[in-house]
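Peer 1: Handing you this structure, nothing more for now.
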Amino acid sequence: MFLQSGDVVIMAGEAREYFHELWGLFQGLELAWSKGVGELEIELDSPCSVNFVLKGVGDKHLAYALVM
């Protein structure tokens with residue numbers, strides 16, 4: 001399965017739960033920014049997702065394109 005948003009295309013055949021949450025965050029931020037929203041409060045319930053967003057991941061990680 002491939003997920004695409006604008007220029008970002010990701011193969012998600014073996015995606016974990018955090019990946020879907022990060023994809024939703026990515027899509028939500030993209031939508032908000034396209035509507036001119038400049039400041040948001042975001043809540044994520046996955047500690048793994050929060051850690052990826054705050055600390056990043058390696059360039060070989062499945063979620064790299066979402067949190068780089």
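The values are calculated or read from the model by the stated rules, or taken from the named source; none is laboratory data. Computed from a prediction, not measured in an experiment: that's the story for all the values here. What goes into the accessible areas is simple: the full protein's heavy atoms, side chains included, and nothing from ligands, DNA or RNA. Shrake-Rupley method; radii C 1.70, N 1.55, O 1.52, S 1.80 Å.
Peer 1: At 1.4 Å probe size, with no ligands or nucleic acids counted, give the accessible surface of Leu54 in Å², nearest ten.
Peer 2: 140 Å²
Peer 1: With every protein chain present, what accessible area does Tyr18 have (1.4 Å probe, heavy atoms only), rounded to the nearest 10 Å²?
Peer 2: Tyr18 has an accessible surface of roughly 40 Å² with all protein chains in place.
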